[in-house]
1. Using label points projected 7 Å from each Cα along Cα→Cβ, tell me how many nm separate residue 172 and residue 77, to one decimal.
2. If contacts are Cα pairs under 8 angstrom and at least 6 residues apart, what is the relative contact order of the stretch 76-194 in percent?
3. What nm distance separates the two modelled labels at residue 98 and residue 17, each placed 7 Å from Cα along Cα→Cβ?
4. May I ask you to evaluate 6.51 cos²θ - 1.76 cosθ + 1.60, the Karplus curve with θ = phi - 60°, for each residue of the stretch 320-335 and list the ³J(HN,Hα) values in order in whole Hz, giving x for glycine and proline?
5. Against the longest alpha carbon principal axis of the chain, how many degrees, from 0 to 90 and to the nearest 10, is the axis of helix 104-113 turned?
6. Do you know the relative contact order of the chain, to the nearest whole percent, from alpha carbon pairs under 8 angstrom that are 6+ apart?
7. With only Lys, Arg, Asp and Glu charged, each at its Cβ (+1 for the first two, -1 for the last two), find how big the charge dipole of the stretch 93-190 is about the Cα centre; round to the nearest 20 debye.
8. Using amide H atoms built 1.01 Å from N in the peptide plane, name the residues 5+ places from residue 368, or on other chains, whose amide H lies under 5 Å from its own.
Amino acid sequence: MNYLIKSATIIAPQHPLHRQKRDLLIADGVIQKMDKKIENKEAYPEINLPNLHISIGWMDPSVSFGEPGYEERETLENGLRVAALSGFTAIGLNPNSNPMIDDSSGVNYLKFKSQDAATEVHPIGCFTKSANGSDMAELYDMKQNGAIAFYDSKKPIQNANLLKMGLLYCQSFDGLLMSFPQEVSTSYGNKANESAFTLSLGFEGTPDLSEALQVSRDLQLLEYTEGKLHIPTISTEKSVKQIKEAHKKGLQVSCSVSAHHLVLTDAELENFDTNFKVNPPLRNEKDLKALQKGVKEGTIALLTSDHQPLDIDNKMKEFSYAKFGSIGLESFFGAVNTVLELDEIIECITTNPRIIFKLPIPEIKEGAEANLTFFNPDSTWVFSEKDILSTSKNAAFLGKKMKGEVYGIMRGNRLMLK
């Protein structure tokens with residue numbers, strides 16, 4: 001199928017046509033022509049949308065669905081539809097299914113099941129078998145079959161020697177370890193951020209110390225091994241400072257932050273709404289500002305929705321008993337676009353994740369396969385239930401003001417538009 005994209009503003013900070021308008025002719029999934037104006041002589045279907053902007057396809061490095069095992073939360077098919085209509089041509093898929101993805105057969109299952117989807121799946125395999133924290137999984141085999149990293153998905157690596165051995169082992173095949181930033185013994189059940197406000201509500205608090213201790217230990221192990229590490233979903237000012245210092249030392253460490261930690265604070269917990277029960281917990285205004293600054297300065301290289309669908313049985317409970325997590329794909333762009341500059345966002349969801357996870361970077365040029373996200377960065381709206389495309393409805397951003405609308409994506413011959 002051929003398409004003519006009309007009057008699209010290109011957003012690609014390193015591109016010579018950054019912020020310039022162009023028509024693009026797409027034929028058989030390839031960008032055949034780019035010009036200020038292309039006549040539609042062949043009467044191709046046109047993509048002509050209000051205030052249309054395009055960038056190379058977005059990537060979210062931390063997405064969870066449910067399949068296999070938790071299809072009531074989200075299937076792979078619908079989850080990938082949600083990702084596509086939320087602007088993502090690629091996702092890093094966490095291994096927290098049932099069974100967990102801890103060997104090459106699990107990786108192959110996800111790759112095979114998703115091969116026809118508009119959004120490409122890049123599986124993340126467990127670091128330890130079934131994320132048990134003690135026995136290293138089949139890292140090399142998973143890497144050979146397409147796993148982009150190894151992560152026990154929200155479970156910190158408590159055994160320091162195991163992390164040390166993993167950092168050393170992964171150097172032999174250029175593998176990437178991910179270590180969740182939370183020291184278990186100081187997390188106190190991890191119900192909420194520890195602050196005077198949350199304590200007044202009766203929450204068990206998890207101090208920023210918990211994150212700082214784990215990040216400090218992991219960075220010391222990284223320096224000792226001279227390996228490579230990714231720290232997902234940091235949430236505190238202390239973490240930003242520690243990682244910034246590690247960069248000055250030349251350590252190979254990267255990190256990400258979720259949309260909800262960039263926009264929301266623990267003040268949301270006043271009504272005990274379990275949609276705000278996330279892991280790490282929402283922090284205070286000082287942490288939020290430090291995270292935003294960390295993105296602007298480049299200390300934080302990746303942004304994520306940290307999408308975690310959970311069925312009603314796991315969320316409609318007393319706060320203490322509800323599971324952690326919020327969906328976030330549908331609200332991601334509209335949320336982060338309220339607090340960050342557009343160029344900053346695009347870098348953190350296009351080139352940066354592909355550099356860190358060693359994936360090919362798409363290009364907007366004649367002869368390149370189309371890998372594009374379509375969006376309007378200026379529209380304003382309020383996120384409501386009608387905007388939820390996921391099977392599960394546990395959304396922290398319900399009722400929040402959004403800035404920016406996603407139209408969809410094109411990847412090769414696959415087009416998904418709302």
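1. Going from the residue 172 label point to the residue 77 one covers 4.2 nm.
2. Values: 194 pairs, mean separation 26.7, N = 119.
This gives 22 percent for the stretch 76-194.
3. Reported label-point gap for residue 98 and residue 17 is 4.9 nm.
4. Ordered by residue, 3J(HN,Hα) equals 5, 9, 6, 7, 7, x, 9, 5, x, 4, 5, 9, 4, 5, x, 7 Hz.
5. 30 degrees
6. Numbers: 1012 pairs, mean separation 79.1, N = 418.
In percent, rounded to a whole number, it is 19.
7. Numbers: 7 positive and 10 negative charges, 30 e Å.
It comes to approximately 140 debye.
8. 31
Read-outs: derived from the displayed coordinates by stated rules, not from any lab. In this text the structure is predicted, and so the values were computed from the model without any measurement. FYI the Cβ positions are ideal-geometry reconstructions off the backbone, even for glycines, and counts take in every protein chain you see.
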